[in-house]
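The values are calculated or read from the model by the stated rules, or taken from the named source; none is laboratory data. It should be emphasised that the depicted structure is a prediction, and the values quoted were computed from it without experimental measurement. Cβ coordinates were reconstructed from backbone atoms using ideal geometry, including for glycine residues, and neighbour counts include every protein chain displayed. Please note that ligands, DNA and RNA were not included when accessible areas were found on the heavy atoms of the full protein model with its side chains. Shrake-Rupley method; radii C 1.70, N 1.55, O 1.52, S 1.80 Å.
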Amino acid sequence: MKLTRLLSLLIPAAIALAATGCIDDGFSGSAADQPTFSTDTLDMGVIFTDAPSTTHRFTVYNRADKAIFIGSIALRGEHAGLFRLNVDGMSGRDFAGVEIRAKDSIYVFVAATLPPNGLTAPVEVAAALDFTTMGETRTVTLAARGRDVERLRAVTLTADTRLTADRPYQVFDSLVVAPGATLTIDPGAELLFHDGAYMAVRGTLKAVGTPEAEITMAGDRTGNVVSDISFDLMSRQWTGLFFTATSTDNELSHTCVRNTWQGVTVDRAPLLMVNTRLRNSGGTVLDATHAAISAYGCELAEAAAGVVRLHGGSHTFNHCTLANYYLFSAIGGPLVAFGHYKDGDDSTDDSGLPLLRADFSNCILYGLGTDLGDGKLDGTGITLRRCLLRSDGSDDDNFIACLWDTDPMYRTVREDYLFDYRLQPESPAIGAADPALTAPQAAADRYGMSRGASPDLGAYVYTPDNEQDHHDD
């Protein structure tokens, strides 16, 4: 009984002495030994309202030679109740007596749920997270921007429908346009797809943006994956956009489709694309089977399996840039792969449908890996007229007035995660296009710049303004 009573007296006393630093047991008692932080502001980016955010984190360091006790960690401010914390494995909103060992660190994880605000623009919210150690308080600001969204869950549109730019649409599972229905998407509208979601067009899609208000179809993740790598650069966030054989009269103009597993897939259907960007796919950005693709001024880029696959059908590519500097894996195919294009070829199917016909004019095909598949094009319906190619070859009946083995000098810097396919001032593609081949639909690029009498090859018009960093990703 005496030993039990003695321990009951000594243990609380030892804890109290350690917490105040009054004994020399390895804990600092100096007010100069304060925690430091990996950031003074944790910017959580845009968070969709009325739903839990993803979890963000920062690090708290103890640079001292002895352990420190942080007396309290507490949220403060009007919006403090919107944030949730986990400090060194403990969940809550307020913490006391948090130990960090000498030359060690702990993580603070932060999540938030923001209420709807009824506005079209994001609303800033912030709270202070105070760390008080030996009477001194240091603060990390928690910041986020709440944005209202309209959530669509397994929606099938059976009547003509319009999606506006008032607020983003967050798509879960699927968005389907039924046969006979037309979906019209207004300039500036955003369709943000959750993991695994897809869009299928069995009727008609009219997504017509403008140079000032591009339409976006992308994953619903915001901010950065790590450090400087934005989720905008990441593929495989949603499944993709599909046009089925029943769809008709489809148009993508000034539209960006990115972050997909399978890109845009077109099966025996027509698709007109003008000044549109297809990019960042875990497969190809465009896969067309016995379809009719007409692409003018388009950027087709960044895909793990190669950028474009054309299997049969009849296609036109005019003033397009096809490039591949895909970041997250080895590239598994050429920029453009052809199928069902030559009698007796292994890629020809038994559909009985006509062989592939494809015309590329005033285009750039240049990136990592090969630009075209290995098959010979002689005797096929495939022509490349006044195109810039990575390959080292020579003109013939299928390659007419091409620029061979020529670097277009994109502004892309892969190591800096910059994927910008406009041209540098010294680019040999500037003024190198054949104006007689410029189609009326390609008269201006996606920025609204006129191609003029001496057009440049590829999707983008070079101007001195290109030296200003106004490209959005």
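Take the stretch 433-447 and flag every residue that is out of contact with any strand residue (DSSP E or B) (no Cβ under 6 Å at 6 or more places or on another chain) and over 24 Å from GLU302 (Cβ atoms).
ASP434, PRO435, ALA436, THR438, PRO440, ALA443 - these are the residues of the stretch 433-447 that are out of contact with any strand residue (DSSP E or B) (no Cβ under 6 Å at 6 or more places or on another chain) and over 24 Å from GLU302 (Cβ atoms).
Could you identify the single residue in GLY333, GLY367, GLY375 that is open to solvent by less than 10 Å² (accessible area, probe 1.4 Å), farther than 18 Å from ILE293 by Cα and not charged (D, E, K, R)?
Unique residue meeting the criteria: GLY367.
From the residues in the stretch 115-135 that are touching a residue at least 40 places away in the same chain (Cβ under 8 Å) and assigned to a loop (DSSP other than H, G, I, E, B), which one is surrounded by the fewest Cβ atoms within 10 Å (Cβ to Cβ)?
The qualifying residue surrounded by the fewest Cβ atoms within 10 Å (Cβ to Cβ) is GLY135.
Answer with yes or no whether ARG385 is open to solvent by less than 20 Å² (accessible area, probe 1.4 Å), basic (Lys, Arg) and at pLDDT 95 or above.
The answer is no for ARG385.
Could you please tell me which pairs satisfy a Cβ distance under 8 Å, a separation of 6+ or placement on different chains, a first residue in the stretch 296-308 that is farther than 15 Å from GLN441 by Cα and modelled with pLDDT of 95 or more, and a second residue that is among the acidic types (Asp, Glu) and part of a strand (DSSP E or B)?
Short answer, once both residue conditions are applied: VAL308/ASP287.
I'm trying to understand the selection: among the residues of the stretch 248-267, which are assigned to a strand (DSSP E or B) and hydroxyl-bearing (Ser, Thr, Tyr)?
SER253, THR255, THR260, THR265
Give VAL140, VAL123, VAL149, VAL155 a once-over and let me know the one that is under 28 Å from ALA31 (Cα atoms) and of a type outside the set (S, T, N, Q).
On the way: VAL123 fails: under 28 Å from ALA31 (Cα atoms); VAL149 fails: under 28 Å from ALA31 (Cα atoms); VAL155 fails: under 28 Å from ALA31 (Cα atoms).
Sole residue among the options that is under 28 Å from ALA31 (Cα atoms) and of a type outside the set (S, T, N, Q): VAL140.
Which of the residues belonging to the stretch 75-109 are on the phi > 0 side of the Ramachandran plot and open to solvent by less than 70 Å² (accessible area, probe 1.4 Å)?
As a first pass, look at the stretch 75-109 and keep what is on the phi > 0 side of the Ramachandran plot: 77, 88-89, 92, 97, 103.
Result: GLY77, GLY89, GLY92, GLY97.
Identify all residues within the stretch 344-364 that are of a type in the set (Gly, Ala, Ser), in contact (Cβ under 8 Å) with a residue 60 or more places away in the chain and open to solvent by less than 30 Å² (accessible area, probe 1.4 Å); write none if there are none.
Correct list: SER361 only.
Residues checked against (1) closer than 18 Å to THR260 by Cβ; (2) β-branched (Val, Ile, Thr); (3) in a strand (DSSP E or B); (4) under 24 Å from the mean Cα position of the chain (by Cα):
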{"position": "ALA288", "(1), (2), (3), (4)": "yes, no, yes, yes"}
{"position": "ALA295", "(1), (2), (3), (4)": "yes, no, yes, yes"}
{"position": "HIS315", "(1), (2), (3), (4)": "no, no, yes, no"}
{"position": "LEU322", "(1), (2), (3), (4)": "yes, no, yes, yes"}
{"position": "TYR325", "(1), (2), (3), (4)": "yes, no, no, yes"}
{"position": "SER351", "(1), (2), (3), (4)": "no, no, no, no"}
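Consider GLY196 carefully, then state whether it is open to solvent by less than 60 Å² (accessible area, probe 1.4 Å), over 30 Å from ASP445 (Cβ atoms) and assigned to a loop (DSSP other than H, G, I, E, B).
Values: open to solvent by less than 60 Å² (accessible area, probe 1.4 Å): yes; over 30 Å from ASP445 (Cβ atoms): yes; assigned to a loop (DSSP other than H, G, I, E, B): yes.
For GLY196, the condition - open to solvent by less than 60 Å² (accessible area, probe 1.4 Å), over 30 Å from ASP445 (Cβ atoms) and assigned to a loop (DSSP other than H, G, I, E, B) - is met.
Name the one entry in ASP456, ASP473 that is at pLDDT 95 or above and not in a helix (DSSP H, G or I).
Step by step, each of ASP456, ASP473 is checked, and only ASP456 is at pLDDT 95 or above and not in a helix (DSSP H, G or I).
Please go through (1) over 19 Å from PHE69 (Cα atoms); (2) open to solvent by 20 Å² or more (accessible area, probe 1.4 Å); (3) touching a residue at least 60 places away in the same chain (Cβ under 8 Å) for ALA112 and return the number of the only condition it doesn't satisfy.
(2)
Out of ASP420, ASP396, report the one residue that is open to solvent by 60 Å² or more (accessible area, probe 1.4 Å) and part of a loop (DSSP other than H, G, I, E, B). Even if it seems obvious, please write down each step before you answer.
Values: ASP420 fails: open to solvent by 60 Å² or more (accessible area, probe 1.4 Å).
The match here is ASP396.
Is one or more of the residues making up the stretch 98-108 part of a strand (DSSP E or B), free of Cβ contacts under 8 Å to residues at least 60 places away in the same chain and touching a Ser or Thr at 6+ places or on another chain (Cβ under 7 Å)?
yes
Within the stretch 136-152, identify whether any single residue is open to solvent by less than 40 Å² (accessible area, probe 1.4 Å), farther than 15 Å from SER53 by Cβ and at pLDDT below 95, and answer yes or no.
no
Just one of (1) closer than 30 Å to MET234 by Cβ; (2) open to solvent by less than 60 Å² (accessible area, probe 1.4 Å) trips up ARG414, so point out which.
(2)
For LEU272, only one of the following conditions fails: (1) under 19 Å from ASP359 (Cβ atoms); (2) out of contact with any Ser or Thr (no Cβ under 7 Å at 6 or more places or on another chain). What is its number?
Evaluating LEU272 over (1) under 19 Å from ASP359 (Cβ atoms); (2) out of contact with any Ser or Thr (no Cβ under 7 Å at 6 or more places or on another chain) leaves (2) as the failure.
For the stretch 153-181, give me the residue count where each residue is under 19 Å from THR244 (Cα atoms), assigned to a strand (DSSP E or B) and open to solvent by less than 20 Å² (accessible area, probe 1.4 Å).
4
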